[in-house]
Structures are given as structure tokens and as C-alpha cells.
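The values are calculated or read from the model by the stated rules, or taken from the named source; none is laboratory data. Since the structure is predicted, the reported quantities are computational estimates derived from the model, not experimental observations. Because the Cβ atoms are built from the backbone with ideal geometry, glycine has one as well, and the counts that use them run over all protein chains shown.
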Amino acid sequence: MRLILLGAPGAGKGTVAKLLTKLDGSVQISTGDILRGAVQAGTELGKQAEAFMKAGDLVPDALIMGIMEQRLQDPDCQKGFLLDGFPRTIPQAEALKGLLVKLGIKLDAAVSIDVPREVILDRLTTRRTCSNPACQAIYNVKSNPPKVEGVCDKCGSPVIQRDDETEQAISKRLDTYTEKTAPLVDYYRGEGLLMSVATTSSDDVVNAVKKKVGL
Ligand code: AP5
């Protein structure tokens, strides 16, 4: 499948993407994970992105498009991909449209996961993430804790709270989402690609996608 996952920070894009990859070998492409990996590795990309991320701001479009143009041409994308956290602005969506035409790729849908704000705030303060850039498994101290506190079930690395999970950064990320990313819902409606799922259950989203793509 070839999908865009839309939704506010904490809507569950990463959680749903990880479930969907198990269905047909599609890969999850999370620009957030790529950027966090780069920050941790201290690469040039990471140095350029770090301050924006910590403050809850978006990283400049040009940096993101450079990453995505390369990533979408990797061989593992041939079975399909789930774009998690990209595009994030109208210019990114327009650039992606051009890129997909150039690569001869057609999207199945842009899936918008709609979750109430109070649920989102609760989830973001209780989320924990594996610190290993190659793993980045997602946990939640309330709904999905690791078996051993602070240790990743999958790779044994420390499970941590992300740098952008301070109250101030969360509030900024939600404002940035409303201003810059929420308009993509109308954009993809106009493109005839929008599929909206209003639910707090990741399984509901997965089932709606399965129906849509015929799995
Ligand atoms: P990014 O990593 O993309 O963060 P985000 O969009 O803020 O999304 P999140 O990862 O916070 O949430 P999610 O929807 O994936 O939720 P999750 O599944 O983890 O981006 C981080 C930063 O990078 C940005 O602020 C920006 O600076 C930069 N960036 C990234 N992409 C960019 C781009 N394209 N352009 C410019 N800048 C970019 O779930 C959240 C929690 O809820 C977890 O604890 C989970 O266990 C729990 N949960 C999920 N589903 C359920 C459920 N059904 N029931 C109970 N709990 C649940």
C-alpha cells in the first residue's frame, strides 16, 4: 500500500504505521524518526534540525524534501510505504505530488486520524520511545508499557521521553499542526485522496485501511 498518514502529534500515526507494515511488507517512513536518528548521530542534518525540533517548530521544507526524494527511491519502498509525519505543509504536499509523478508512483489514500485534543495531550505526556535510532519502538506508560520498566521489549535499549515532550514544546507542536498541517486535510480532499477516520482505536484505523486497499 502507498499511504500518507495525517493527524496531530499523538494521534497515533506511528503506532498505526507499525501495525500496517505487518500486513503487506510496506515500509514506515517517519520523517520524525529519521530526524531524531540524525540528531542522535550528530550528522550535519541532525545539527540543522535539532533546534527546530526541540522548540516544536517544523524543520525547513528544503531539508525534508532532500531526505524524502532519496528515501522514496530506496529499493525497500517498492512493496509500498506509509508516510508518517510527511508532508507537513502545503509546499511539501505540492513537492511530493511532483516527485511522485516523476517516479511514476500513485498513492492509495491520505488517511487522516482524528483524535480529541484531551486524549492527545494525555498520550503525549505518557508516551515513551526506544532510544535506539534503528528501533524507535513506541510505548505508553498507561496503555502500552514495556515489560521491564525503562527497557525496550524489542532491542533492550533504554526507553526514554523525547526531547520535544515538554509541556511548552507539546503546546507549540499542536499550534504548528493547526496552522501548517491541518490545511492538508482539505488539500487531499481536493485531490480525491482523503480518508478520515475519527477514532481512538488503532485497530479501527487499520481495519478501515484494509478495507480501502482491499487487504
Ligand atoms: P514527529 O516524530 O513526526 O512527531 P509528531 O507528528 O508530533 O507525531 P508524534 O510522533 O508525536 O505522534 P504520532 O501521531 O506518531 O503518535 P504515536 O503513535 O507516537 O515529528 C517530530 C518533529 O520533527 C516535528 O515537531 C518537527 O520538528 C520535525 N518534523 C518531522 N517531520 C517533519 C516534516 N515533514 N516537516 C518539517 N518538520 C518535520 O502515539 C502517541 C502515544 O499514544 C504513544 O504513547 C502511543 O503508545 C499512544 N497511543 C497511540 N495510539 C493509541 C491508542 N489507540 N490507544 C491508546 N494509546 C495510544
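Numbers for the structure displayed
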item	result
Top-ranked residue of the stretch 138-165 - restricted to ones that are at pLDDT below 95 and within 30 Å of LEU96 (Cβ to Cβ), ranked as nearest to the ligand (Cβ to nearest atom)	ASP164
Residues of the stretch 125-156 that turn out to be in contact with a Lys or Arg (Cβ under 8 Å, 6 or more places away or on another chain) and in a helix (DSSP H, G or I), as a count	1
Verdict on LEU107 being in contact with a Lys or Arg (Cβ under 9 Å, 6 or more places away or on another chain), in a helix (DSSP H, G or I) and over 26 Å from GLU167 (Cβ atoms)	no
Close pairs (9 angstrom Cβ cut-off, 6 or more residues apart or separate chains): within 10 Å of the ligand (Cβ to nearest atom) in the stretch 43-70, of a type in the set (Phe, Trp, Tyr) and assigned to a loop (DSSP other than H, G, I, E, B) anywhere	ILE64/PHE86; ILE67/PHE86; MET68/PHE86
Answer from ALA38, ALA17 - the residue that is in contact (Cβ under 8 Å) with a residue 24 or more places away in the chain and surrounded by 18 or more Cβ atoms within 10 Å (Cβ to Cβ)	ALA17
Candidate set: the stretch 138-158, residues that are hydrophobic (A, V, I, L, M, F, W, C) and in contact with a helix residue (DSSP H, G or I) (Cβ under 8 Å, 6 or more places away or on another chain); chosen: the one surrounded by the most Cβ atoms within 10 Å (Cβ to Cβ)	ILE138
Residue match in the stretch 20-28 (condition: within 10 Å of the ligand (Cβ to nearest atom), hydroxyl-bearing (Ser, Thr, Tyr) and surrounded by 15 or more Cβ atoms within 10 Å (Cβ to Cβ))	no
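Yes or no, residue by residue, for (1) in contact with a helix residue (DSSP H, G or I) (Cβ under 8 Å, 6 or more places away or on another chain); (2) among the small types (Gly, Ala, Ser); (3) on the phi < 0 side of the Ramachandran plot:
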position: GLY42; (1), (2), (3): no, yes, no
position: GLN48; (1), (2), (3): yes, no, yes
position: ALA62; (1), (2), (3): no, yes, yes
position: GLY66; (1), (2), (3): no, yes, yes
position: THR89; (1), (2), (3): yes, no, yes
position: VAL101; (1), (2), (3): no, no, yes
position: GLY104; (1), (2), (3): no, yes, no
